[in-house]
């Protein structure tokens, strides 16, 4: 074997030599893995030894009373908040704690905030176009052309979110529910592996809620979806597996029926809700 | 308007496929042609004759129109209300002025072969380093674009990186132009102080005082306006233009979907500053002087008024606004000079109340009415 060839053969690839945006490795099951995560703000523990795993393609609902740490948990996953302790892995290759927000977003974690923010002056179609995964530097953006491929991709998402009829309308005229769907569509344009959806049905009508439930259950399987929601009826209609958070850690996990029978859960959350309802 | 897909054409030629641009270019070039014919072919004394003074005046309006287009690009599409665009205009003007000063050569009052008159007057021994190279046209013309561009680059880099936007940005752009005005008023700066640069003679060998040169400058300004308009239109109809609009309406959201918003802002701001510089460079040889009053904060605010009157975020509205207001200014300051500012104020109030989208909004409404009329007739026929 010549000297040259001996350089070519490699039995290992060093971590720092591997391409940065290498695909997420889910061969070992979970797409998101949080272990013993703790966040404290001046001594107050917003998240306290939280353990959570989300499987690839799963649709998971996270519920919990106010202040249970749902939003903080989302902030940790998207890189907005740094935990004091613990580890967060995306697949088995990417340590999310070493990445910043744009890196995490480009890795395929999309987040939908509570309040829908769409670009009101642009059409529904253009909103999706801007959100699409593409080269987002200045000159590629300036010289970008609309190709058949891009158009097909946008049409496909329009179909999924049910806004094909309204594609040339300015997003400003959409109803609240339609804006929420458009925003989910904008996330889908980025081809995410994991979607974080914060209170998708707040302020929606009954029909809109049904449509949203269909949309989210349709997405699961292709993407992993994590939904944070207060509306129990909605959670019951979509969830296969529910995680209950309380004071920063997992109180219970299981199907909606299991969880709602759990005496601890009844005490901190559902019980209180029922009393209010009664 | 018909629903439209974003175009698949090459970005720079994209505007030519648009009706608005076609109409704009048609009107502009017809106007240039008509003025030229009326000036050259119609004998003096005929009521239709356009005299050299008027041609010169129109040339000045056109350079203001280009400046207004530059302001509309950043204000209308990017949401950055710059109250300091006069500074870029003036710097472009000074770059041109420096070239014109060097062209005077030894024909100045003091007859010095290199130094401009005001430097001789101040007993300066030699040319300051930053005056070097301005005897060469290519260098001076490059500086017309580069000097305002560099200033915008540094200023914009600092401002956008720190995420200064909204009112705060407007205030610091205002401070920028005010600071530059004070600096340029100083004789030590080497730009002629209070008096500025004047007594120009030739541009590229053409006598600036001849009527033909004035007509040439008027036409050149018209062409520059057309090119500036096409460039801006190409930018706003590109995907980058849609990112700008997105930034204008929801900056945090745009950042969140992966665009480095501050870079887009910087890019558009620099392009706009360069266009403003070009406008200034075309303005100076037509009015024959550049002095620090162009840096005045009031002038920069006035530019914003032109754009607001014409209609923001349309580009052609900025052109209409600039020409209308300046035409009114010429008339008013001739008839009742003291009343001009009141008239400007009244115009602004009336437009804000009656035409919130400016003159362009009115045109658009009319067109839509005509279109729906046509549609109605077609339906009736069918």
Condition first: in a helix (DSSP H, G or I) and surrounded by fewer than 16 Cβ atoms within 10 Å (Cβ to Cβ). Now tell me which residues in region B:125-138 satisfy that.
B:129, B:130, B:137, B:138
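Checking the condition away from chain A (no Cβ under 14 Å) and touching a helix residue (DSSP H, G or I) at 6+ places or on another chain (Cβ under 8 Å), which residue from B:153, B:203 passes?
So the residue among B:153, B:203 that is away from chain A (no Cβ under 14 Å) and touching a helix residue (DSSP H, G or I) at 6+ places or on another chain (Cβ under 8 Å) is B:203.
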When the residues of region A:171-183 are filtered to those that are part of a helix (DSSP H, G or I) and surrounded by 15 or more Cβ atoms within 10 Å (Cβ to Cβ), which remaining residue is farthest from the other protein chains (Cβ to nearest Cβ)?
A:177
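Right, residue B:48: free of Cβ contacts under 8 Å to residues at least 12 places away in the same chain, exposed (fewer than 13 other Cβ atoms within 10 Å of the Cβ) and in contact with a helix residue (DSSP H, G or I) (Cβ under 7 Å, 6 or more places away or on another chain) or not?
yes
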Would you list the helices (runs of 4 or more DSSP H) that sit entirely within region B:196-259 and hold 3 or more residues that are touching a residue at least 24 places away in the same chain (Cβ under 8 Å), touching a strand residue (DSSP E or B) at 6+ places or on another chain (Cβ under 9 Å) and surrounded by fewer than 19 Cβ atoms within 10 Å (Cβ to Cβ)?
none
Of B:262, B:302, which residue is within 14 Å of another protein chain (Cβ to nearest Cβ), surrounded by fewer than 24 Cβ atoms within 10 Å (Cβ to Cβ) and either under 13 Å from the mean Cα position of the chain (by Cα) or modelled with pLDDT under 90 (or both)?
B:262
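With B:167, B:114, B:120, B:144 as the choices, which residue is touching a helix residue (DSSP H, G or I) at 6+ places or on another chain (Cβ under 9 Å), outside any loop (DSSP other than H, G, I, E, B) and either within 27 Å of residue B:70 (Cβ to Cβ) or modelled with pLDDT under 90 (or both)? Give the steps one after another, and end with the answer.
Working: B:167 fails: touching a helix residue (DSSP H, G or I) at 6+ places or on another chain (Cβ under 9 Å); B:114 fails: outside any loop (DSSP other than H, G, I, E, B); B:120 fails: touching a helix residue (DSSP H, G or I) at 6+ places or on another chain (Cβ under 9 Å).
Going through B:167, B:114, B:120, B:144 in turn, just one is touching a helix residue (DSSP H, G or I) at 6+ places or on another chain (Cβ under 9 Å), outside any loop (DSSP other than H, G, I, E, B) and either within 27 Å of residue B:70 (Cβ to Cβ) or modelled with pLDDT under 90 (or both): B:144.
Each row is one residue, and each column tells you yes or no for (1) in contact (Cβ under 8 Å) with a residue 40 or more places away in the chain; (2) touching a helix residue (DSSP H, G or I) at 6+ places or on another chain (Cβ under 9 Å).
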| site | (1), (2) |
| --- | --- |
| B:296 | yes, yes |
| B:302 | yes, yes |
| B:306 | yes, yes |
| B:317 | yes, yes |
| B:320 | yes, yes |
| B:325 | no, yes |
| B:329 | no, yes |
| B:337 | no, no |
| B:344 | yes, yes |
Filter region B:246-257 for residues that are within 7 Å of chain A (Cβ to nearest Cβ) and touching a helix residue (DSSP H, G or I) at 6+ places or on another chain (Cβ under 6 Å); which is nearest to residue A:137 (Cα to Cα)?
B:257
Residue B:7 passes all but one of the listed conditions (1) in a loop (DSSP other than H, G, I, E, B); (2) free of Cβ contacts under 8 Å to residues at least 24 places away in the same chain; (3) over 30 Å from residue B:136 (Cβ atoms); the exception is number (2)
Can you list the strands (runs of 3 or more DSSP E) found entirely within region A:59-170 that contain at least 3 residues being away from chain B (no Cβ under 11 Å)?
A:59-63, A:85-90
Checking residue A:186 against (1) in contact with a strand residue (DSSP E or B) (Cβ under 6 Å, 6 or more places away or on another chain); (2) crowded, with 16+ Cβ neighbours inside 10 Å: exactly one of these is not met. Which one?
(1)
Looking only at region B:265-290, which residues are surrounded by 24 or more Cβ atoms within 10 Å (Cβ to Cβ) and within 14 Å of chain A (Cβ to nearest Cβ)?
B:265, B:268, B:269
Among the residues of region B:61-79, are any part of a loop (DSSP other than H, G, I, E, B), in contact (Cβ under 8 Å) with a residue 40 or more places away in the chain and in contact with a helix residue (DSSP H, G or I) (Cβ under 7 Å, 6 or more places away or on another chain)?
yes
Among the strands (runs of 3 or more DSSP E) contained in region A:184-246, which hold 1 or more residues that are closer than 23 Å to residue A:133 by Cβ and within 14 Å of chain B (Cβ to nearest Cβ)?
A:194-198
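The values are calculated or read from the model by the stated rules, or taken from the named source; none is laboratory data. Predicted model only: the values in this text are computed from it and were never measured. Neighbour counts are summed over all protein chains in view; Cβ atoms, including those assigned to glycine, are modelled from backbone coordinates with ideal geometry.
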